[in-house]
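Participant: Take a look at this one; I'll ask things after.
The values are calculated or read from the model by the stated rules, or taken from the named source; none is laboratory data. From a predicted model like this one, the values you see are computed outputs, not experimental measurements. All Cβ positions, even for glycine, are placed from backbone atoms using ideal geometry, and neighbour counts span all protein chains on display. Keep in mind that these areas ignore ligands, DNA and RNA; they rest on the heavy atoms of the full protein, side chains included. Shrake-Rupley method; radii C 1.70, N 1.55, O 1.52, S 1.80 Å.
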Amino acid sequence: MDNKNPHSADAAALGFLYQAQYALLRLWNETSDDAVVFLETLDDVVLKVNGETILEQLKHSLSEKPPAITLASLNLWKTLKAWIDVLSELDLSRTWLHLVAVAEISPTSPLQVLVTEDESRESLVLALQEEARRVVRERTEAEAKGGTPLPHAQRAAACEAFLKLSDELQGEILSRARIKPGQKNIAQLEDELAGALTTVLAKDRGHVAAIMVEWWNRQTVHAHCGKRDKAIRRFELVKRHMEIVGDIENDALIDYFATGIPPESYRSHPMVANQINLVGGTNAELRRAITNEWRARETRSRWTNENPLRRELIASYDDRLTEEWSDRHIDMCDECDGHSEDAKKEEGRKLLKWSHYQAPNDLESIAQSITTPSYVRGSYQVLSISGRVGWHPDYRTLLELEE
């Protein structure tokens with residue numbers, strides 16, 4: 001299963017996650033709570049702070065030593081083209097343009113002047129013009145000779161766009177540009193964030209960083225889906241950080257998977273479906289049950305990994321859920337005595353619906369910090385797998401469960 005799929009979207013997925021997690025680290029390292037970050041608007045990451053706008057074009061790589069950035073690098077010209085395309089929307093006097101790369105800059109490249117803001121860009125402008133003219137010239141010569149495909153296809157549009165700019169505008173763009181080489185890759189960013197959490201005890205930093213990343217990823221998904229504003233403000237991040245630290249200090253439970261979706265590869269225990277099929281449950285009811293069973297299972301695992309002593313709390317709450325179910329199931333069995341199978345199914349399905357809709361309201365939460373209904377819903381499905389609860393009046397007999 002480790003063989004590489006030639007059609008895999010891994011690189012694109014990692015690139016999106018890299019943008020999101022880089023933006024998190026970038027925003028955390030700002031000092032102004034008025035700082036705001038946007039993803040995939042004018043650039044991969046856009047930061048607004050202190051009246052200035054910073055556009056950041058991100059070039060990710062998992063390679064231990066990615067190819068160095070040179071004047072001929074495709075990533076450089078793609079970045080220049082991205083900036084040129086949005087020039088009409090920018091006030092360059094209040095905008096900074098950053099190429100953020102995991103790769104280093106070639107040590108002999110004139111691009112080295114872009115590591116700082118102060119060095120003159122005059123020689124770089126000339127070098128880029130020369131490189132762009134070379135690309136255009138070689139394509140023209142190849143076309144005249146009838147050669148196909150034409151060389152430099154991926155850089156051609158960028159080179160042509162750069163040459164169409166006036167010398168003055170080329171220089172102005174580069175005066176506002178900066179390259180940030182040697183950045184951490186996606187596999188290292190969470191550790192980088194943990195290292196930046198200097199107000200947290202060292203033993204807790206990795207845990208706090210992991211929860212911050214989970215929260216942040218959810219915010220970015222919601223922003224892209226229109227469920228929240230695209231602007232994510234630093235004070236939101238600071239507030240969430242403080243809540244996480246407070247919860248950890250108080251050993252509070254956190255419902256990490258309250259809105260999570262099971263991976264496509266997830267297969268629930270067949271007993272979940274067997275129990276629901278006994279009462280004629282619908283496909284929609286089965287899907288809901290599987291989703292919440294996964295959420296509760298993942299949450300339980302996370303809690304006990306964080307603190308093994310929580311197993312007792314989880315077990316005690318399972319007893320409470322079972323007791324509440326048992327009272328209803330016993331009454332249902334009495335009422336269904338002598339009834340038809342269809343009547344039993346109908347009553348059993350009502351009990352299944354109760355576990356989803358009413359139970360989270362009827363029962364106290366496992367902890368004050370757990371306010372979403374998914375844990376109760378999912379825990380009932382977890383309990384149905386072992387047979388501790390069921391929906392049909394005769395589920396133990398029909399499923400041949402030991403008494």
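Participant: Please go through segment 177-209 and pick out each residue that is among the hydrophobic types (A, V, I, L, M, F, W, C) and open to solvent by 20 Å² or more (accessible area, probe 1.4 Å).
Facilitator: Hits for segment 177-209 are Ile186, Ala187, Ala196, Leu201, Ala202.
Participant: Further, regarding this structure: Do you know which residues across segment 52-70 are open to solvent by 30 Å² or more (accessible area, probe 1.4 Å) and under 20 Å from Ala161 (Cα atoms)?
Facilitator: Within segment 52-70, just Thr70 meets the criteria.
Participant: Sticking with this one: Looking at segment 93-118, which of its residues are open to solvent by 40 Å² or more (accessible area, probe 1.4 Å) and outside any loop (DSSP other than H, G, I, E, B)?
Facilitator: Ser93, Arg94, Trp96, Pro110, Gln112, Val115
Participant: Name every residue in segment 125-160 that is open to solvent by less than 40 Å² (accessible area, probe 1.4 Å), under 15 Å from Leu80 (Cα atoms) and of a type outside the set (A, V, I, L, M, F, W, C), in order of residue number.
Facilitator: Result: Gln129, Glu131, Arg155.
Participant: Can you name the strands (runs of 3 or more DSSP E) wholly within segment 1-92 that have at least 3 residues being at pLDDT 95 or above?
Facilitator: Qualifying strands (runs of 3 or more DSSP E): 45-49, 52-59.
Participant: Now for a separate question. Check Leu286 against each of (1) assigned to a helix (DSSP H, G or I); (2) modelled with pLDDT of 90 or more; (3) open to solvent by less than 30 Å² (accessible area, probe 1.4 Å) and name the one condition it does not meet.
Facilitator: Tallying (1) assigned to a helix (DSSP H, G or I); (2) modelled with pLDDT of 90 or more; (3) open to solvent by less than 30 Å² (accessible area, probe 1.4 Å), Leu286 fails exactly one: (3).
Participant: With respect to Asn292, determine if the residue is modelled with pLDDT of 95 or more, crowded, with 19+ Cβ neighbours inside 10 Å and more than 28 Å from Leu24 (Cα to Cα).
Facilitator: So Asn292 passes the test.
Participant: Condition test on Arg328, is it under 26 Å from Asn277 (Cα atoms) and outside any helix (DSSP H, G or I)? Give the steps one after another, and end with the answer.
Facilitator: Values: under 26 Å from Asn277 (Cα atoms): yes; outside any helix (DSSP H, G or I): no.
No; evaluated as a whole, the condition is false for this residue.
Participant: Return the total of residues in segment 315-331 being closer than 18 Å to Lys350 by Cβ and surrounded by 15 or more Cβ atoms within 10 Å (Cβ to Cβ).
Facilitator: 5
Participant: Are there any helices (runs of 4 or more DSSP H) wholly within segment 336-403 with 2 or more residues that are more than 18 Å from Ser301 (Cα to Cα) and modelled with pLDDT of 95 or more, and if so which?
Facilitator: Working: elements: 341-353, 359-362, 374-386, 395-398.
Where helices (runs of 4 or more DSSP H) fall fully within segment 336-403 and carry at least 2 residues being more than 18 Å from Ser301 (Cα to Cα) and modelled with pLDDT of 95 or more, they are 341-353, 359-362, 395-398.
Participant: Within segment 211-253, work out how many residues are of a type in the set (A, V, I, L, M, F, W, C) and open to solvent by 20 Å² or more (accessible area, probe 1.4 Å).
Facilitator: 9
Participant: Could you grab me the full set of residues in segment 8-45 that are among the aliphatic types (A, V, I, L, M) and under 22 Å from Val86 (Cα atoms)? It would help to see each step written out before you state the result.
Facilitator: First, pick out the residues of segment 8-45 that are among the aliphatic types (A, V, I, L, M): 9, 11-14, 17, 20, 23-25, 27, 35-37, 39, 42, 45.
Correct list: Ala20, Ala23, Ala35, Val36, Val37, Leu39, Leu42, Val45.
Participant: Okay, next question. Considering each residue of segment 73-84, count those that are without any contact (Cβ under 8 Å) to a residue 60 or more places away in the chain and not β-branched (Val, Ile, Thr), and give that number.
Facilitator: The total comes to 4.
Participant: Going by the structure shown, is Arg297 over 22 Å from Glu341 (Cβ atoms), part of a helix (DSSP H, G or I), open to solvent by 70 Å² or more (accessible area, probe 1.4 Å) and basic (Lys, Arg)?
Facilitator: yes
Participant: I would also like to ask the following. Can you name the number of the only condition in (1) under 29 Å from Ile105 (Cβ atoms); (2) in contact with a Phe, Trp or Tyr (Cβ under 6 Å, 6 or more places away or on another chain) that Glu192 fails?
Facilitator: The failed condition is (2).
Participant: When you look at Gly390, is it in contact with a Ser or Thr (Cβ under 8 Å, 6 or more places away or on another chain) and closer than 30 Å to Asp247 by Cα, yes or no?
Facilitator: Here the answer is no, as Gly390 does not meet what is asked.
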